[in-house]
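> Quick one: the structure is below, questions incoming.
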Amino acid sequence: MSILEMKVPSPGESITEVEIATWLVKDGDYVEKDQPIAEVDSDKATLELPAEQSGIITLKAEEGDVVQVGQVVCLIDMDAAKPAGAAAPAAEAPKQEEAPKAAEPVKQEAPKPAPAAPQSYATGSPSPAAKKILDEKGIDASQVSGQGRDGRITKTDAELAAVPAMGGSSLTATGSRSTTTTKLSVLRRKIAQRLVSVKNETAMLTTFNEVDMSEIFRLRKQYKEEFAQKHGVGLGFMSFFTKAVTRALKLYPDVNASIDGDFKINYDFCDISIAVSGPKGLMVPVLRNAENMSFKGVEANIKDLAVKVRDGKITVDEMTGGTFTITNGGTFGSMLSTPIINPPQSAILGMHNIIQRPVAVDGQVVIRPMMYVAMSYDHRIIDGKESVGFLVAVKEGIDNPVEFLLGGDEKKGLEL
(Lines give C-alpha, C1' and ligand atoms only; values in the text may rest on other atoms or scores of the structure.)
Protein backbone atom coordinates (compact mmCIF):
# COMPACT_ATOMS: atom_id res chain seq x y z
CA MET A 1 0.00 0.00 0.00
CA SER A 2 1.37 3.42 -1.00
CA ILE A 3 0.50 6.04 1.62
CA LEU A 4 1.44 9.69 1.12
CA GLU A 5 1.89 11.81 4.23
CA MET A 6 0.79 15.37 3.44
CA LYS A 7 2.61 17.97 5.51
CA VAL A 8 1.84 21.65 5.99
CA PRO A 9 4.02 23.64 3.55
CA SER A 10 5.60 26.92 4.63
CA PRO A 11 3.32 29.82 3.56
CA GLY A 12 6.17 32.30 3.87
CA GLU A 13 9.19 33.46 5.77
CA SER A 14 8.83 33.73 9.57
CA ILE A 15 5.55 31.74 9.64
CA THR A 16 5.92 28.64 11.82
CA GLU A 17 2.31 27.57 12.38
CA VAL A 18 -1.11 27.73 10.71
CA GLU A 19 -4.68 26.98 11.71
CA ILE A 20 -6.90 24.51 9.86
CA ALA A 21 -9.75 26.89 9.00
CA THR A 22 -11.91 24.54 6.89
CA TRP A 23 -11.61 21.04 5.51
CA LEU A 24 -13.04 21.07 1.98
CA VAL A 25 -13.24 17.25 1.97
CA LYS A 26 -14.23 14.60 4.51
CA ASP A 27 -12.39 11.66 5.97
CA GLY A 28 -12.61 8.79 3.47
CA ASP A 29 -13.27 10.95 0.40
CA TYR A 30 -11.49 10.27 -2.87
CA VAL A 31 -9.47 13.34 -3.91
CA GLU A 32 -7.83 14.24 -7.19
CA LYS A 33 -4.28 15.57 -7.45
CA ASP A 34 -4.16 19.39 -7.05
CA GLN A 35 -7.76 19.46 -5.77
CA PRO A 36 -8.13 21.98 -2.91
CA ILE A 37 -8.67 19.93 0.26
CA ALA A 38 -8.39 22.58 3.00
CA GLU A 39 -8.16 26.28 3.76
CA VAL A 40 -5.48 27.20 6.29
CA ASP A 41 -5.08 30.51 8.10
CA SER A 42 -1.68 31.96 8.86
CA ASP A 43 -1.17 35.22 10.72
CA LYS A 44 -1.00 37.01 7.36
CA ALA A 45 -3.32 35.29 4.88
CA THR A 46 -5.72 32.44 4.17
CA LEU A 47 -4.31 29.86 1.75
CA GLU A 48 -5.64 26.75 0.01
CA LEU A 49 -3.96 23.40 0.57
CA PRO A 50 -4.05 21.25 -2.62
CA ALA A 51 -3.87 17.45 -2.68
CA GLU A 52 -0.39 16.28 -3.68
CA GLN A 53 -1.67 13.01 -5.19
CA SER A 54 -4.96 11.28 -6.02
CA GLY A 55 -6.45 8.73 -3.63
CA ILE A 56 -8.52 8.14 -0.49
CA ILE A 57 -7.85 10.77 2.17
CA THR A 58 -7.58 10.25 5.93
CA LEU A 59 -7.66 13.44 8.00
CA LYS A 60 -5.19 13.79 10.87
CA ALA A 61 -6.24 17.22 12.17
CA GLU A 62 -9.51 18.86 13.08
CA GLU A 63 -10.90 22.21 11.99
CA GLY A 64 -9.59 24.86 14.39
CA ASP A 65 -6.39 22.93 15.18
CA VAL A 66 -3.18 24.97 15.17
CA VAL A 67 -0.50 22.88 13.43
CA GLN A 68 3.19 23.45 12.86
CA VAL A 69 4.70 23.95 9.41
CA GLY A 70 5.92 20.49 8.34
CA GLN A 71 3.35 18.63 10.47
CA VAL A 72 1.38 15.76 8.86
CA VAL A 73 -2.29 16.79 8.54
CA CYS A 74 -3.64 14.00 6.33
CA LEU A 75 -2.78 10.74 4.61
CA ILE A 76 -3.59 9.83 0.99
CA ASP A 77 -3.89 6.16 -0.04
CA MET A 78 -2.61 6.38 -3.62
CA ASP A 79 -3.48 2.71 -4.38
CA ALA A 80 -7.19 3.18 -3.69
CA ALA A 81 -9.50 2.98 -6.69
CA LYS A 82 -11.72 5.93 -7.53
CA PRO A 83 -15.37 5.22 -6.59
CA ALA A 84 -17.84 5.21 -9.45
CA GLY A 85 -20.00 8.34 -9.18
CA ALA A 86 -20.87 8.08 -5.48
CA ALA A 87 -18.27 10.51 -4.13
CA ALA A 88 -20.03 13.80 -4.90
CA PRO A 89 -23.44 13.08 -3.27
CA ALA A 90 -21.72 11.56 -0.23
CA ALA A 91 -19.76 14.76 0.29
CA GLU A 92 -22.92 16.83 0.67
CA ALA A 93 -25.05 14.76 3.05
CA PRO A 94 -22.92 14.86 6.21
CA LYS A 95 -22.60 18.65 6.04
CA GLN A 96 -26.33 18.95 6.76
CA GLU A 97 -25.95 16.68 9.78
CA GLU A 98 -22.80 18.34 11.10
CA ALA A 99 -24.15 21.90 11.19
CA PRO A 100 -26.50 21.43 14.17
CA LYS A 101 -23.81 19.55 16.09
CA ALA A 102 -21.44 22.51 15.88
CA ALA A 103 -24.16 24.86 17.08
CA GLU A 104 -25.40 22.73 20.01
CA PRO A 105 -22.75 23.73 22.60
CA VAL A 106 -23.36 27.41 21.88
CA LYS A 107 -27.13 27.09 22.34
CA GLN A 108 -26.69 25.25 25.61
CA GLU A 109 -24.20 27.76 26.98
CA ALA A 110 -26.01 30.90 25.86
CA PRO A 111 -28.58 31.16 28.70
CA LYS A 112 -25.97 30.62 31.47
CA PRO A 113 -25.92 33.49 33.96
CA ALA A 114 -22.70 35.38 34.45
CA PRO A 115 -22.07 34.28 38.06
CA ALA A 116 -24.17 31.16 38.67
CA ALA A 117 -26.30 31.27 41.79
CA PRO A 118 -25.61 28.72 44.53
CA GLN A 119 -27.50 25.44 44.30
CA SER A 120 -29.22 26.12 47.61
CA TYR A 121 -31.22 29.02 46.19
CA ALA A 122 -34.90 28.43 45.65
CA THR A 123 -36.43 28.49 42.17
CA GLY A 124 -37.01 32.08 41.07
CA SER A 125 -34.85 33.64 43.78
CA PRO A 126 -32.30 36.32 42.85
CA SER A 127 -28.54 36.04 43.12
CA PRO A 128 -26.93 38.43 45.63
CA ALA A 129 -25.88 40.83 42.84
CA ALA A 130 -29.36 40.69 41.30
CA LYS A 131 -31.04 41.24 44.69
CA LYS A 132 -28.94 44.37 45.27
CA ILE A 133 -29.96 45.83 41.88
CA LEU A 134 -33.65 44.98 42.41
CA ASP A 135 -33.60 46.57 45.87
CA GLU A 136 -32.07 49.73 44.41
CA LYS A 137 -34.77 49.85 41.74
CA GLY A 138 -37.52 49.05 44.22
CA ILE A 139 -38.67 46.02 42.25
CA ASP A 140 -40.03 42.90 43.94
CA ALA A 141 -38.24 39.72 42.87
CA SER A 142 -41.60 37.99 42.34
CA GLN A 143 -42.29 40.42 39.47
CA VAL A 144 -39.17 39.41 37.53
CA SER A 145 -38.86 36.36 35.28
CA GLY A 146 -35.47 34.72 35.83
CA GLN A 147 -33.50 33.35 32.90
CA GLY A 148 -30.93 31.46 34.97
CA ARG A 149 -30.84 27.81 35.95
CA ASP A 150 -34.14 26.66 37.50
CA GLY A 151 -35.54 30.12 36.86
CA ARG A 152 -33.13 31.94 39.16
CA ILE A 153 -32.85 35.69 38.62
CA THR A 154 -29.42 36.72 37.34
CA LYS A 155 -27.69 40.08 37.50
CA THR A 156 -28.54 40.61 33.82
CA ASP A 157 -32.23 39.89 34.49
CA ALA A 158 -32.18 42.49 37.26
CA GLU A 159 -30.48 45.09 35.10
CA LEU A 160 -33.07 44.61 32.37
CA ALA A 161 -36.02 44.70 34.73
CA ALA A 162 -38.02 47.91 34.34
CA VAL A 163 -39.48 49.88 37.22
CA PRO A 164 -43.24 49.21 37.14
CA ALA A 165 -45.45 52.04 35.99
CA MET A 166 -48.17 53.40 38.29
CA GLY A 167 -50.43 50.44 38.96
CA GLY A 168 -48.52 48.24 36.55
CA SER A 169 -45.96 45.46 36.83
CA SER A 170 -42.27 45.31 35.92
CA LEU A 171 -41.26 44.44 32.38
CA THR A 172 -38.52 42.03 31.36
CA ALA A 173 -37.02 41.22 27.99
CA THR A 174 -39.31 38.90 26.04
CA GLY A 175 -37.36 38.59 22.77
CA SER A 176 -34.55 36.23 21.88
CA ARG A 177 -31.77 36.09 24.50
CA SER A 178 -29.45 33.65 22.72
CA THR A 179 -25.80 34.37 21.97
CA THR A 180 -23.34 32.83 19.56
CA THR A 181 -19.69 32.17 20.40
CA THR A 182 -17.15 31.58 17.66
CA LYS A 183 -13.38 31.30 17.86
CA LEU A 184 -11.44 34.09 16.20
CA SER A 185 -9.31 32.91 13.28
CA VAL A 186 -5.55 32.99 13.70
CA LEU A 187 -5.51 35.84 11.15
CA ARG A 188 -8.02 37.91 13.15
CA ARG A 189 -6.18 37.16 16.41
CA LYS A 190 -2.89 38.28 14.87
CA ILE A 191 -4.47 41.47 13.53
CA ALA A 192 -5.83 42.20 17.00
CA GLN A 193 -2.40 41.70 18.58
CA ARG A 194 -0.74 43.95 15.99
CA LEU A 195 -3.27 46.74 16.42
CA VAL A 196 -2.93 46.70 20.20
CA SER A 197 0.87 46.65 19.94
CA VAL A 198 0.79 49.70 17.64
CA LYS A 199 -1.22 51.67 20.20
CA ASN A 200 1.09 50.57 23.02
CA GLU A 201 4.48 50.74 21.31
CA THR A 202 4.30 53.79 19.03
CA ALA A 203 3.82 57.50 19.65
CA MET A 204 0.91 57.66 17.20
CA LEU A 205 -0.60 61.01 16.27
CA THR A 206 -3.03 61.98 13.50
CA THR A 207 -3.13 65.14 11.40
CA PHE A 208 -6.07 66.11 9.17
CA ASN A 209 -6.76 68.12 6.03
CA GLU A 210 -9.35 68.29 3.28
CA VAL A 211 -9.04 67.93 -0.47
CA ASP A 212 -11.13 69.27 -3.34
CA MET A 213 -12.00 66.43 -5.73
CA SER A 214 -13.37 68.71 -8.49
CA GLU A 215 -10.44 68.31 -10.89
CA ILE A 216 -10.28 64.56 -10.45
CA PHE A 217 -14.03 64.35 -11.09
CA ARG A 218 -13.51 66.37 -14.28
CA LEU A 219 -10.62 64.21 -15.50
CA ARG A 220 -12.46 60.96 -14.82
CA LYS A 221 -15.62 62.19 -16.54
CA GLN A 222 -13.71 63.50 -19.55
CA TYR A 223 -11.31 60.58 -20.08
CA LYS A 224 -12.80 57.51 -18.37
CA GLU A 225 -14.13 55.90 -21.57
CA GLU A 226 -10.99 56.62 -23.58
CA PHE A 227 -8.80 55.39 -20.71
CA ALA A 228 -10.79 52.16 -20.32
CA GLN A 229 -10.78 51.46 -24.06
CA LYS A 230 -7.03 51.99 -24.39
CA HIS A 231 -5.81 50.41 -21.15
CA GLY A 232 -8.50 47.86 -20.28
CA VAL A 233 -8.99 49.19 -16.73
CA GLY A 234 -11.03 51.98 -15.20
CA LEU A 235 -9.61 55.33 -14.11
CA GLY A 236 -10.30 55.34 -10.37
CA PHE A 237 -9.53 57.53 -7.39
CA MET A 238 -6.79 55.23 -6.04
CA SER A 239 -4.37 55.93 -8.89
CA PHE A 240 -4.54 59.67 -8.19
CA PHE A 241 -4.01 59.17 -4.46
CA THR A 242 -1.20 56.67 -5.03
CA LYS A 243 0.61 59.07 -7.35
CA ALA A 244 0.04 61.95 -4.90
CA VAL A 245 1.46 59.83 -2.06
CA THR A 246 4.58 58.70 -3.95
CA ARG A 247 5.28 62.34 -4.89
CA ALA A 248 4.87 63.44 -1.28
CA LEU A 249 7.12 60.62 -0.03
CA LYS A 250 9.92 61.89 -2.27
CA LEU A 251 9.48 65.38 -0.82
CA TYR A 252 9.37 64.12 2.79
CA PRO A 253 11.57 61.00 2.94
CA ASP A 254 11.30 60.61 6.73
CA VAL A 255 7.66 59.57 6.24
CA ASN A 256 8.90 56.71 4.04
CA ALA A 257 10.88 55.15 6.89
CA SER A 258 10.63 52.70 9.78
CA ILE A 259 12.21 52.46 13.20
CA ASP A 260 14.33 49.50 14.28
CA GLY A 261 15.43 49.84 17.89
CA ASP A 262 17.82 52.77 18.01
CA PHE A 263 18.02 53.04 14.23
CA LYS A 264 15.89 54.62 11.51
CA ILE A 265 15.61 52.89 8.13
CA ASN A 266 14.86 55.11 5.14
CA TYR A 267 13.66 53.56 1.87
CA ASP A 268 14.52 54.98 -1.54
CA PHE A 269 11.56 53.11 -3.05
CA CYS A 270 7.81 53.42 -2.45
CA ASP A 271 6.11 50.09 -1.80
CA ILE A 272 2.52 51.20 -1.21
CA SER A 273 0.21 48.92 0.78
CA ILE A 274 -3.41 49.27 -0.37
CA ALA A 275 -6.05 48.19 2.17
CA VAL A 276 -8.60 45.86 0.53
CA SER A 277 -11.63 44.36 2.26
CA GLY A 278 -11.93 40.60 1.73
CA PRO A 279 -14.03 37.74 3.11
CA LYS A 280 -11.44 37.07 5.83
CA GLY A 281 -11.04 40.73 6.83
CA LEU A 282 -8.92 43.66 5.75
CA MET A 283 -5.84 42.73 3.72
CA VAL A 284 -3.02 45.04 2.61
CA PRO A 285 -1.42 43.85 -0.66
CA VAL A 286 1.58 45.85 -1.82
CA LEU A 287 2.28 47.82 -5.01
CA ARG A 288 6.05 47.36 -5.51
CA ASN A 289 7.93 50.45 -6.69
CA ALA A 290 4.71 52.40 -7.11
CA GLU A 291 6.79 55.53 -7.74
CA ASN A 292 7.67 54.13 -11.18
CA MET A 293 4.13 53.12 -12.16
CA SER A 294 1.93 54.97 -14.62
CA PHE A 295 -1.76 55.58 -13.92
CA LYS A 296 -2.49 52.48 -15.98
CA GLY A 297 0.05 50.45 -14.00
CA VAL A 298 -1.40 51.50 -10.65
CA GLU A 299 -5.00 50.75 -11.69
CA ALA A 300 -4.12 47.38 -13.26
CA ASN A 301 -2.07 46.23 -10.29
CA ILE A 302 -4.70 47.32 -7.74
CA LYS A 303 -7.40 45.50 -9.69
CA ASP A 304 -5.32 42.32 -9.88
CA LEU A 305 -4.49 42.36 -6.15
CA ALA A 306 -8.08 43.16 -5.14
CA VAL A 307 -9.40 40.19 -7.14
CA LYS A 308 -6.85 37.90 -5.47
CA VAL A 309 -7.87 39.13 -2.01
CA ARG A 310 -11.58 38.62 -2.67
CA ASP A 311 -10.98 35.17 -4.18
CA GLY A 312 -8.67 34.13 -1.34
CA LYS A 313 -5.72 33.75 -3.75
CA ILE A 314 -3.45 36.43 -2.30
CA THR A 315 -0.04 35.20 -1.16
CA VAL A 316 1.98 36.20 1.89
CA ASP A 317 4.73 37.63 -0.32
CA GLU A 318 2.21 39.94 -2.00
CA MET A 319 1.29 41.44 1.39
CA THR A 320 4.76 41.78 2.89
CA GLY A 321 7.21 44.68 2.83
CA GLY A 322 5.17 47.83 2.27
CA THR A 323 6.67 51.18 3.29
CA PHE A 324 3.44 53.24 3.47
CA THR A 325 -0.29 52.36 3.55
CA ILE A 326 -3.40 53.91 1.97
CA THR A 327 -6.80 52.93 3.33
CA ASN A 328 -10.17 54.13 2.01
CA GLY A 329 -12.86 54.13 4.68
CA GLY A 330 -14.98 56.26 2.37
CA THR A 331 -16.10 53.16 0.50
CA PHE A 332 -18.06 52.24 3.63
CA GLY A 333 -19.35 55.77 4.26
CA SER A 334 -16.80 56.98 6.80
CA MET A 335 -16.60 60.77 7.03
CA LEU A 336 -13.57 60.98 9.33
CA SER A 337 -11.33 58.52 11.17
CA THR A 338 -7.89 58.06 12.72
CA PRO A 339 -6.35 55.13 10.83
CA ILE A 340 -3.95 52.87 12.73
CA ILE A 341 -0.38 52.51 11.48
CA ASN A 342 0.47 49.23 9.74
CA PRO A 343 3.74 48.13 11.46
CA PRO A 344 6.66 48.26 10.86
CA GLN A 345 5.63 51.24 8.72
CA SER A 346 5.55 54.68 10.31
CA ALA A 347 2.59 56.33 8.60
CA ILE A 348 -0.77 55.67 6.94
CA LEU A 349 -3.13 57.83 4.88
CA GLY A 350 -6.87 57.53 5.44
CA MET A 351 -9.31 58.52 2.68
CA HIS A 352 -12.98 59.20 3.46
CA ASN A 353 -16.30 59.75 1.73
CA ILE A 354 -16.82 62.58 -0.74
CA ILE A 355 -19.48 65.11 0.25
CA GLN A 356 -20.80 68.07 -1.71
CA ARG A 357 -20.09 70.97 0.68
CA PRO A 358 -20.06 74.76 0.48
CA VAL A 359 -16.52 76.16 0.46
CA ALA A 360 -15.08 79.63 -0.08
CA VAL A 361 -13.24 80.05 -3.41
CA ASP A 362 -11.91 83.50 -4.39
CA GLY A 363 -14.29 85.17 -1.96
CA GLN A 364 -17.34 83.28 -3.25
CA VAL A 365 -19.25 80.40 -1.66
CA VAL A 366 -19.40 77.47 -4.06
CA ILE A 367 -20.40 73.82 -3.79
CA ARG A 368 -17.48 71.43 -4.26
CA PRO A 369 -16.98 67.64 -3.82
CA MET A 370 -14.79 67.59 -0.69
CA MET A 371 -13.03 64.78 1.17
CA TYR A 372 -11.39 64.78 4.58
CA VAL A 373 -8.01 63.02 4.65
CA ALA A 374 -6.15 61.85 7.75
CA MET A 375 -2.54 60.85 8.24
CA SER A 376 -1.54 58.86 11.32
CA TYR A 377 2.19 58.77 11.98
CA ASP A 378 4.77 57.60 14.50
CA HIS A 379 5.96 60.76 16.23
CA ARG A 380 9.15 58.98 17.34
CA ILE A 381 10.70 59.49 13.90
CA ILE A 382 8.28 61.84 12.11
CA ASP A 383 7.97 65.40 13.40
CA GLY A 384 4.89 67.59 13.09
CA LYS A 385 6.50 69.67 10.36
CA GLU A 386 7.10 66.60 8.15
CA SER A 387 3.66 65.10 8.80
CA VAL A 388 1.78 68.32 8.06
CA GLY A 389 4.01 69.08 5.06
CA PHE A 390 3.46 65.59 3.69
CA LEU A 391 -0.33 65.87 3.93
CA VAL A 392 -0.26 69.33 2.32
CA ALA A 393 1.77 67.84 -0.55
CA VAL A 394 -0.88 65.13 -0.97
CA LYS A 395 -3.54 67.85 -0.98
CA GLU A 396 -1.65 69.76 -3.69
CA GLY A 397 -1.61 66.66 -5.90
CA ILE A 398 -5.34 66.01 -5.46
CA ASP A 399 -6.47 69.65 -5.72
CA ASN A 400 -4.36 70.25 -8.83
CA PRO A 401 -3.55 66.86 -10.43
CA VAL A 402 -2.76 68.25 -13.88
CA GLU A 403 0.12 70.36 -12.60
CA PHE A 404 1.51 68.09 -9.87
CA LEU A 405 0.69 64.56 -11.06
CA LEU A 406 0.31 64.76 -14.85
CA GLY A 407 3.22 67.06 -15.71
CA GLY A 408 0.97 69.82 -17.05
CA ASP A 409 -0.40 67.67 -19.90
CA GLU A 410 -3.41 65.61 -18.88
CA LYS A 411 -3.67 63.47 -22.01
CA LYS A 412 0.05 62.72 -22.06
CA GLY A 413 0.06 62.08 -18.31
CA LEU A 414 -2.77 59.55 -18.70
CA GLU A 415 -1.00 58.03 -21.75
CA LEU A 416 -3.96 58.73 -24.06
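> Report yes if PRO113 is in contact with a helix residue (DSSP H, G or I) (Cβ under 8 Å, 6 or more places away or on another chain), open to solvent by less than 40 Å² (accessible area, probe 1.4 Å), under 30 Å from SER185 (Cβ atoms) and at pLDDT below 50, otherwise no.
When the stated conditions are applied, PRO113 passes them.
> Report, by residue number, each residue of segment 284-298 that is in a helix (DSSP H, G or I) and open to solvent by less than 60 Å² (accessible area, probe 1.4 Å).
Residues satisfying the conditions are ALA290, GLU291, PHE295, GLY297, VAL298.
> Filter segment 161-210 down to the residues that are modelled with pLDDT under 75 and among the hydroxyl-bearing types (Ser, Thr, Tyr), then identify the one that is nearest to the chain's Cα centre (by Cα).
For segment 161-210, the residue satisfying everything is SER185.
> Follow-up. May I ask you to list pairs of residues, at least six apart or on different chains, whose Cβ atoms are under 8 Å apart, with the first in segment 134-149 being part of a loop (DSSP other than H, G, I, E, B) and the second being open to solvent by 80 Å² or more (accessible area, probe 1.4 Å) and modelled with pLDDT under 80?
Here the result reads GLY138/VAL163; ILE139/VAL163; GLN147/ARG177; GLY148/LYS112, each pair linking segment 134-149 to a residue that is open to solvent by 80 Å² or more (accessible area, probe 1.4 Å) and modelled with pLDDT under 80.
> Output the strands (runs of 3 or more DSSP E) that fall wholly within segment 299-416 and possess 3 or more residues being open to solvent by less than 30 Å² (accessible area, probe 1.4 Å), or say none.
Fully inside segment 299-416 and qualifying: 324-328, 347-351, 364-378.
> Okay, next question. For PHE241, are the conditions met, namely being within 27 Å of the chain's Cα centre (by Cα) and either closer than 25 Å to SER42 by Cβ or open to solvent by less than 50 Å² (accessible area, probe 1.4 Å) (or both)?
Here the answer is yes, as PHE241 does meet what is asked.
> Same structure again: Among the residues of segment 264-279 satisfying the criterion of being under 12 Å from GLN345 (Cβ atoms) and among the β-branched types (Val, Ile, Thr), which is most open to solvent (accessible area, probe 1.4 Å)?
Taking the candidates together, the pick is ILE265.
The values are calculated or read from the model by the stated rules, or taken from the named source; none is laboratory data. Computed from a predicted model, the values in this text were never measured in an experiment. FYI the Cβ positions are ideal-geometry reconstructions off the backbone, even for glycines, and counts take in every protein chain you see. Keep in mind that these areas ignore ligands, DNA and RNA; they rest on the heavy atoms of the full protein, side chains included. Shrake-Rupley method; radii C 1.70, N 1.55, O 1.52, S 1.80 Å.
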